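Report on one structure; see the data block that follows.
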Amino acid sequence: MPESLVSGLSLDRLERISQHFEQNYIQPGKLPGFAALVARHGKIVWRETGGLRDAERNLPMEQDTVFRIYSMTKPITSIAMMQLYEQGKFLLNDPVHKYLPSWRNLKVYKSGSYPDFKTGPATTTMTIRDLMTHTSGLTYGFTERTEVDAAYRQLKLDGSSILTLDKLVNRLAELPLEFSPGTAWNYSVSTDVLGYLVELLSGKPLDEYFREHIFEPLGMIDTGFHVTPEQQDRFAACYLYQPGDTIKLQDDPERSRYLKAPRFLSGGGGLVSTMDDYFRFAQALCQGGEYQGQRIIGRKTLEFMRMNHLPDGKDLPALSIGGFSETPYAGSGFGLGFSVRTDVAKSATIGSEGEFGWGGLASTSFFVDPVEDMVVIFMTQLMPSSSYPIRQDLRALVYGALT
């Protein structure tokens with residue numbers, strides 16, 4: 001039988017995605033379930049679900065299942081920030097202390113532990129571009145690598161029920177940086193600080209700004225900072241990887257903190273969404289900033305965002321000091337809000353130069369390939385995202401279907 005082709009993709013070969021995840025991940029109990037989507041030339045070519053959204057209650061994964069997308073929030077915050085850039089509200093090389101005066105004399109860690117740090121002055125000034133590229137010198141508590149991130153954990157700066165954006169920004173001003181801004185790459189709370197700047201520059205709370213300027217224009221009806229009562233029966237359970245390739249419940253959808261609106265609106269990792277909602281956002285990025293007649297960002301702004309903005313055009317292995325990222329380091333640079341593929345052979349995974357995307361802590365991911373005019377979304381709920389090489393598997397399967 002001849003292959004059935006749609007938009008230059010073989011449907012028979014795309015079916016291998018379902019077979020692969022079913023046989024290698026769901027049946028052995030490594031993943032509860034998944035939802036995946038492949039679109040090309042602006043059209044959804046293939047969309048499937050498998051397994052369960054809630055293993056405890058035996059509920060199937062569905063196309064409108066609601067997921068915690070964690071760091072897939074970051075590209076949305078970065079687009080919001082660049083919308084304000086287009087309105088002349090800031091310049092990328094503006095020092096952060098222009099907007100946050102308490103950040104004027106930031107120090108760099110030398111020795112000691114919280115609260116008795118020995119520090120020295122930063123040799124460079126942190127800019128907004130440093131926040132957008134994770135070259136700010138900030139860190140994350142969960143990386144558990146340094147005395148500085150231990151202080152973040154102690155002060156609960158990765159998020160807690162009492163944290164607010166104001167508190168985060170004030171606390172960070174008092175803590176030392178890991179390094180002088182612009183001299184290294186370290187995944188961090190930088191995008192949460194950008195969320196605060198979106199509020200400051202727009203005069204609106206972050207949830208309201210997102211809704212008015214991104215979600216409503218794109219028709220993203222299921223994306224927000226908490227799960228609404230109408231969404232609750234579609235909300236997935238989240239699981240934690242266990243040694244021996246098993247999973248245990250990490251967040252019960254019937255008792256989750258996501259069921260009520262948070263005080264801390266995390267631009268770095270606070271959103272929930274669905275596969276179809278996130279597709280609308282990713283497709284707008286693939287189409288130069290516009291989806292179904294609604295433009296969220298200018299074409300040239302987006303082109304600028306997806307260049308490699310790391311100092312001297314370096315890639316992540318040359319600059320990264322931390323062990324954690326939502327993308328393999330090799331062959332990748334970093335743009336304004338997402339990783340950018342700079343060298344396909346070096347990355348050792350199939351793809352195109354200039355392709356960009358990001359993932360989330362619970363193993364969700366997306367990428368946009370402008371060369372192939374293709375968007376891929378993958379949703380599941382397993383922490384951490386480094387548990388299995390899901391994203392590399394997915395690439396081999398998707399690109400293998402191109403004809």
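The values are calculated or read from the model by the stated rules, or taken from the named source; none is laboratory data. Keep in mind it's a predicted model, so treat the numbers as computed, not measured. For neighbour counting, all protein chains shown are included, and Cβ atoms are generated from backbone atoms with ideal geometry for every residue, glycine included. These accessible areas exclude ligands, DNA and RNA; they are computed on the full protein's heavy atoms, side chains included. Shrake-Rupley method; radii C 1.70, N 1.55, O 1.52, S 1.80 Å.
Screening PHE264, PHE281 for residues that are among the aromatic types (Phe, Trp, Tyr), open to solvent by less than 10 Å² (accessible area, probe 1.4 Å) and at pLDDT 95 or above leaves exactly one candidate, PHE281.
Conditions (1) closer than 17 Å to TYR239 by Cβ; (2) modelled with pLDDT under 95; (3) of a type in the set (A, V, I, L, M); (4) more than 22 Å from the chain's Cα centre (by Cα), marked per residue:
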position	(1), (2), (3), (4)
LEU14	no, no, yes, yes
GLN19	no, no, no, yes
GLN23	no, no, no, yes
VAL45	no, no, yes, yes
ILE69	yes, no, yes, no
THR73	no, no, no, no
THR77	no, no, no, no
LEU100	no, no, yes, yes
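Picking from residues in region 305-362 that are assigned to a helix (DSSP H, G or I) and open to solvent by 30 Å² or more (accessible area, probe 1.4 Å), the one that is farthest from VAL272 (Cα to Cα) is ASP312. Going by the structure shown, is SER160 more than 30 Å from LYS314 (Cβ to Cβ) and modelled with pLDDT under 95? Yes: the conditions hold for SER160.
In region 206-220, the residues that are within 10 Å of ILE79 (Cβ to Cβ) form Cβ pairs under 8 Å with partners that are buried (at least 18 other Cβ atoms within 10 Å of the Cβ) and among the hydroxyl-bearing types (Ser, Thr, Tyr), at six or more places apart or across chains, as follows: PHE210/THR223.
Remark: pairs (first residue in region 50-76, on the phi > 0 side of the Ramachandran plot; second residue assigned to a loop (DSSP other than H, G, I, E, B) and open to solvent by less than 50 Å² (accessible area, probe 1.4 Å); Cβ separation under 6 Å; 6+ apart in sequence or on different chains) = GLY51/PRO32; GLY51/MET61; TYR70/GLY269; TYR70/GLY360; TYR70/LEU361; TYR70/ALA362. Being crowded, with 23+ Cβ neighbours inside 10 Å and part of a loop (DSSP other than H, G, I, E, B) is a condition met by no residue of region 160-171. Considering only residues of region 282-315 that are under 24 Å from GLU212 (Cβ atoms) and of a type in the set (Gly, Ala, Ser), which is farthest from the chain's Cα centre (by Cα)? Ranking the qualifying residues of region 282-315, first place goes to GLY293. Figure legend. Inter-residue proximity from region 91-119: first residues loosely packed, with under 14 Cβ neighbours inside 10 Å, second residues among the hydrophobic types (A, V, I, L, M, F, W, C) and in a helix (DSSP H, G or I), beta-carbon distance below 6 Å, spacing 6+ or different chains. Indicated pairs: SER102/ALA173.
Of note, GLY88 satisfies the criterion of being within 29 Å of ARG280 (Cβ to Cβ), at pLDDT 95 or above and open to solvent by 20 Å² or more (accessible area, probe 1.4 Å).
Which residue is most open to solvent (accessible area, probe 1.4 Å), if the candidates are limited to region 192-228 and must be assigned to a loop (DSSP other than H, G, I, E, B) and β-branched (Val, Ile, Thr)?
Here is the first cut: in region 192-228, the residues assigned to a loop (DSSP other than H, G, I, E, B) are 203-205, 219-223, 225-228.
Remaining after also requiring β-branched (Val, Ile, Thr): 221, 223, 227-228.
Numbers: ILE221: 146, THR223: 18, VAL227: 3, THR228: 42 Å².
This residue is ILE221.
Can you name the residue in region 51-70 that is open to solvent by less than 10 Å² (accessible area, probe 1.4 Å) and in contact with an Asp or Glu (Cβ under 8 Å, 6 or more places away or on another chain) and, of all such residues, is nearest to LYS204 (Cα to Cα)? Looking at residues that are open to solvent by less than 10 Å² (accessible area, probe 1.4 Å) and in contact with an Asp or Glu (Cβ under 8 Å, 6 or more places away or on another chain), I get ARG68.
Checking each residue in region 370-400 for being open to solvent by less than 30 Å² (accessible area, probe 1.4 Å), within 24 Å of GLN250 (Cα to Cα) and assigned to a helix (DSSP H, G or I) picks out only ILE390. Being in contact with a helix residue (DSSP H, G or I) (Cβ under 8 Å, 6 or more places away or on another chain) and acidic (Asp, Glu) holds for only one residue in ASP166, ASP245, and it is ASP166. Reported count of residues in region 127-159, each being open to solvent by 10 Å² or more (accessible area, probe 1.4 Å) and aliphatic (A, V, I, L, M), is 2. Just one of the listed residues (THR246, THR274) is among the polar types (S, T, N, Q), under 22 Å from ALA39 (Cβ atoms) and modelled with pLDDT of 95 or more, and it is THR274.
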